[in-house]
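A.B. asks: Here it is: the structure, laid out below.
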Amino acid sequence: MTRTVLVGAAGSGTAFGAISAVRRAWGSQVRIVAIDANPAHLVTANLLADAFETVPYVEEPDFREELLRIITEQRVTIYLPLVPAEIAFASRLIEGGDCPHNLHVMAPSAFAGGLCNDKLKLYEFLASRGIAVPRSAPADAPLAGDELFAKPRSGFGGRFARRLTSGEVADLSHEEKASFVVQEICFQPEVTVDCFVDPSRGFHRSLSRERIDVKAGVSAKCRIFESEELDSIALRLSEALDLEGTFCFQVMHDADGRVVVTDVNARPGAGTSMCWTTGNDFHAANFARCWDEPYEQYFRPVQGSIFVTRQYADFLTGTAP
Amino acid sequence: MNLAVDLDGTLLVCETRQSACLHAIARSYALDLNVEKVWTLKRQGRSTRAALLTLGCSEDLSNVLTERWRREIEEPYWLSLDRPFADTHATLSRLVASGSEISLLTARRRADLLAIQLRNLGLSGFFRDIHVVDVAAPRAGKANILARGGFEAFVGDTESDLEAARDAGVPFHAVACGQRDEARLKQAGASEVHACFAEAVDSIVHAQANFDGETTAAGNGPPA
């Protein structure tokens, strides 16, 4: 049976990394359908896909109908949603029994998907499970403190996240107060941990990426290393949130020097593909697991620290008269 | 053993990058191109341009697509789609462990990116020498290196590799897992065609063992 993968948010760096990994590992044996809210000529991943469709944003009422139409028409067998809202949507779709029976959706439970799409609820849940998180509160009932870190409860990629004084928090718009979370200031280094877990076989692998430099919320320079402590947190997160396959999370330190989890993504990150240079392809392993193929081949041990830097590449994606 | 080895199609899967790049270029013009058919034709001996013409692309379109493909195929992103064959690391490790010396012989425009790529793929530590020849004249470039290197064999995947080995008087072992299929390689005159690099090395080692045995028995000189 032809394997057809549908990748959401195809304009994202994460999608480009995932699709590149599929092409690298499986060439043209896998059919790739890419969807995004942007037109084809503004989505680089369109160049690697076999088919592309522009779809409404996930919050729009027509998204569901368009998604199910594409899944049916393109005979999609694997669906990889990549932005938090789409992951939460996909999780609800599965649990609502609305997916075609032969479709595998690479998304967590609706409960976990919902948590990963609401940072405040995520922090509360993780804290209840004994996983250290920053002290946090809704922006309309903030923590005490001269300086706080504010970010959207449902954001990703660090968008709109920033340090604010308590006065600036008080001056946030009504909309921002309703939709932001504020938390204690945390300290560098900020580390993203890329994880792969297969609970059915008791296999897991994680690799830590210290974010030395970041552009638009995505790692541009990293120090990659193995950490037993962060690997242990990865397993605890996987168990607490029932996360399987590839996912990632971020940690920093609180004022007491404790490692605290600042974000969890039930999906690979935009910087996850940087691990490929170390011989660790978390994207390929994620798909291999779905197809019951050996995934151990996509992992190698890392000795000491490996530095990886990233540069943009230019692609001619379309023409116009 | 002193061995020369080609890179693309011999140690690295070459179809993925070539096809993905051509596919992307076609899509940038909103063209639906069957890159699998293009690849089959290339394996049978056609150039990229000739394959496109065979599939019915116009001369102008074939020229545009080919010109862009040649310009872009060694850009860093496309190089990142290369991966070693499943047997590459193990076979190279086996050779090095046995005391063999391996020289890499490849035709590339971007020698500067080759070193980065080999490091990313975990291959750079296997080679005694790395020789990069001009893509415009790979036969002459490789023959020149082969003639001076004292190599016991050269493993490659194209008729150009075969001709270079013949010009240099070096035994050639072809692999049919790369740019050309078995039929094309035999048509070009390859007598030793193997499915993969590991099999080619087994054949070379076996032949070397036979030669050493006969040399020991005879006292001196190669077998007749």
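Coordinate-derived values only; no laboratory data. Owing to the predicted nature of the structure, the values given are computational and were not obtained by experimental measurement. Cβ atoms come from the backbone with ideal geometry, glycine included; neighbour counts cover every protein chain shown.
A.B. asks: Apply the Debye scattering formula to the range B:1-146, with a single equal point scatterer on each alpha-carbon and no solvent, then give log10 I(q)/I(0) at q = 0.16 Å⁻¹.
C.D. replies: The computed values of log10 I(q)/I(0) come out as -0.91.
A.B. asks: Averaged over peptide A:37-46, how many Cβ atoms belonging to another chain are found within 10 Å of each residue's Cβ?
C.D. replies: On the way: counts 0, 0, 0, 3, 3, 0, 0, 2, 1, 3.
Across A:37-46, the average partner-chain Cβ count within 10 Å equals 1.
A.B. asks: How large is the helix-only mean residue ellipticity at 222 nm for chain A, computed as the sum of -39500 (n - 2.57) over DSSP H runs with n ≥ 4, divided by its residue count, in deg cm²/dmol to the nearest 500?
C.D. replies: Dividing the helical sum by the residues of chain A leaves -8000 deg cm²/dmol.
A.B. asks: Turning to a different aspect of this structure: What's the average, rounded to a whole number, of partner chain beta-carbon atoms within 10 Å of each residue's beta-carbon in B:68-77?
C.D. replies: Mean inter-chain Cβ contacts per residue within 10 Å come to 2.
A.B. asks: Could you give the distance between the Cα centres of the range B:156-179 and the range A:259-321, to the whole Å?
C.D. replies: What the calculation gives is 36 Å, centre to centre.
A.B. asks: Counting other beta carbons within 10 Å of each Cβ, put A:LEU241, A:LEU316 in order, fewest first.
C.D. replies: By the 10 Å Cβ count, ascending, the order reads A:LEU316, A:LEU241.
A.B. asks: Next question, about the same structure. B:TRP39: net charge of surrounding residues, Cβ under 12 Å, Lys/Arg +1, Asp/Glu -1, itself excluded?
C.D. replies: +3
A.B. asks: A further question follows. Net charge around A:ASP98, counting only other residues with Cβ within less than 12 Å of its Cβ (Lys, Arg = +1; Asp, Glu = -1)? The partial results should precede the final answer.
C.D. replies: Values: positive: A:ARG64, A:ARG92; negative: A:GLU65, A:GLU95.
My count for the surroundings of A:ASP98 gives 0.
A.B. asks: Further question: What does the average come to when, for each residue of peptide A:252-258, you count the partner chain Cβ atoms lying within 10 Å of its Cβ?
C.D. replies: Going residue by residue through A:252-258 and averaging, the value is 0.
A.B. asks: If you don't mind, there's one more thing I want to ask. Highest first, please rank the peptides A:290-298, A:21-29 by the mean number of other Cβ atoms sitting within 10 Å of their residues. Walk me through the numbers before you get to the answer.
C.D. replies: Numbers: A:290-298: 15.1, A:21-29: 20.2.
Result, highest mean Cβ count within 10 Å first: A:21-29, A:290-298.
A.B. asks: In addition: Of the options B:ALA137, B:ALA168, B:THR106, report the single residue whose Cα projects farthest towards the positive end of the charge dipole of the range B:94-170 (beta-carbon charges: Lys, Arg +1; Asp, Glu -1).
C.D. replies: B:THR106
A.B. asks: Right, here's the next one. Take the Cβ-Cβ distance between B:ALA209 and A:ASP213 as r, set R0 to 60 Å, and report the resulting FRET efficiency rounded to the nearest 0.05.
C.D. replies: 0.65
A.B. asks: Here is a further query. In Å and whole numbers, how far do the C-alpha atoms of the protein assembly as shown stretch along each principal axis, longest first?
C.D. replies: 92, 53, 40
A.B. asks: May I pose another question? For the range A:46-125, with the dipole built from +1 on Lys and Arg beta-carbon atoms and -1 on Asp and Glu ones, taken about the Cα centre, which of A:LEU115, A:VAL58, A:LEU68 lies farthest toward the positive end?
C.D. replies: A:LEU115
A.B. asks: Quick one: helix A:63-73 against the long Cα principal axis of chain A, what's the angle to the nearest 10°, folded into 0 to 90?
C.D. replies: Orientation of helix A:63-73: about 30 degrees from the principal axis.
A.B. asks: Here's another thing I want to ask about it. What ranking of B:CYS14, A:CYS99, A:CYS116 emerges when the number of other C-beta atoms within 10 Å of each C-beta is taken as an exposure proxy, fewest first?
C.D. replies: A:CYS99, B:CYS14, A:CYS116
A.B. asks: A:PHE203 to A:ARG223: FRET efficiency via 1/(1 + (r/R0)^6), r the Cβ-Cβ distance, R0 22 Å, to the nearest 0.05?
C.D. replies: Efficiency, from the Cβ-Cβ distance: 0.30.
A.B. asks: A further question on this structure: Tabulate in residue order the Karplus-calculated ³J(HN,Hα) for the range B:26-43, using 6.51 cos²θ - 1.76 cosθ + 1.60 with θ = phi - 60°, rounded to whole Hz; enter x for Gly and Pro.
C.D. replies: Along the range B:26-43, the couplings run 4, 5, 5, 9, 6, 9, 9, 10, 7, 6, 5, 5, 4, 5, 4, 5, 5, 5 Hz.
A.B. asks: If we sort A:213-221, B:163-171 on the protection proxy, mean other Cβ atoms within 10 Å, highest first, what's the order?
C.D. replies: Per-residue Cβ counts within 10 Å, averaged per peptide and sorted highest first, yield B:163-171, A:213-221.
A.B. asks: Here is a further query. Would you mind ranking B:THR10, B:THR16, A:THR54 by Cβ crowding within 10 Å, fewest neighbours first?
C.D. replies: Taking fewest neighbouring Cβ atoms as first place, the list is A:THR54, B:THR16, B:THR10.
A.B. asks: So, one more: How big is the gap, in Å, between the Cα center of the range B:72-146 and the Cα center of the range A:162-180?
C.D. replies: So the two Cα centres are separated by 55 Å.
A.B. asks: Report, in debye and to the nearest 20, how large the dipole of the range A:1-91 comes out about its Cα centre when Lys and Arg carry +1 and Asp and Glu carry -1 on their Cβ.
C.D. replies: With only Lys, Arg, Asp and Glu charged at Cβ, the dipole is about 560 debye.
A.B. asks: Gap in Å between the Cα centre of the range A:110-138 and the Cα centre of the range A:34-83?
C.D. replies: Result: 29 Å between the Cα centres.
A.B. asks: Using a simple charge model, +1 on the beta-carbon of Lys and Arg, -1 on the beta-carbon of Asp and Glu, nothing else, what dipole does the protein assembly as shown show about its Cα centre, in debye to the nearest 20?
C.D. replies: Details: 55 positive and 72 negative charges, 146 e Å.
So the dipole magnitude of the protein assembly as shown works out to roughly 700 debye.
A.B. asks: Moving on to the next point. Can you tally the net charge around B:ASN120? Count Lys and Arg as +1, Asp and Glu as -1, for every other residue whose Cβ sits under 13 Å from the Cβ of B:ASN120.
C.D. replies: On the way: positive: A:ARG24, A:ARG300, A:ARG310, B:ARG83, B:ARG119; negative: A:ASP281, B:ASP82.
With Lys, Arg at +1 and Asp, Glu at -1, the net is +3.
A.B. asks: What FRET efficiency comes out for B:ALA136 versus A:THR309 if R0 is 45 angstrom and r is the Cβ-Cβ distance? Round to the nearest 0.05.
C.D. replies: 0.90
A.B. asks: A further question follows. For the range A:115-239, give the magnitude of the charge dipole about the Cα centre (Cβ charges: +1 Lys/Arg, -1 Asp/Glu; no others), in debye to the nearest 20.
C.D. replies: Dipole size: approximately 320 debye.
A.B. asks: Just name one of A:LEU316, A:ALA216, A:VAL261: the one whose Cα is farthest towards the positive end of the charge dipole of the range A:194-321 (beta-carbon charges, Lys/Arg +1, Asp/Glu -1).
C.D. replies: Positive-most Cα among the choices belongs to A:LEU316.
A.B. asks: From the phi angles alone, apply the Karplus equation (6.51, -1.76, 1.60; θ = phi - 60°) to the range A:197-212 and give each ³J(HN,Hα) in whole Hz, x where the residue is Gly or Pro.
C.D. replies: Using θ = phi - 60°, the values come out as 9, 10, x, 5, 10, x, 9, 8, 8, 9, 9, 9, 10, 6, 7, 6 Hz.
A.B. asks: Show me A:301-312, B:141-152 ranked by packing, highest mean number of other Cβ atoms within 10 Å first. Before the final figure, lay out each step's value.
C.D. replies: On the way: A:301-312: 12.5, B:141-152: 18.8.
For the peptides A:301-312, B:141-152, the packing ranking is B:141-152, A:301-312.
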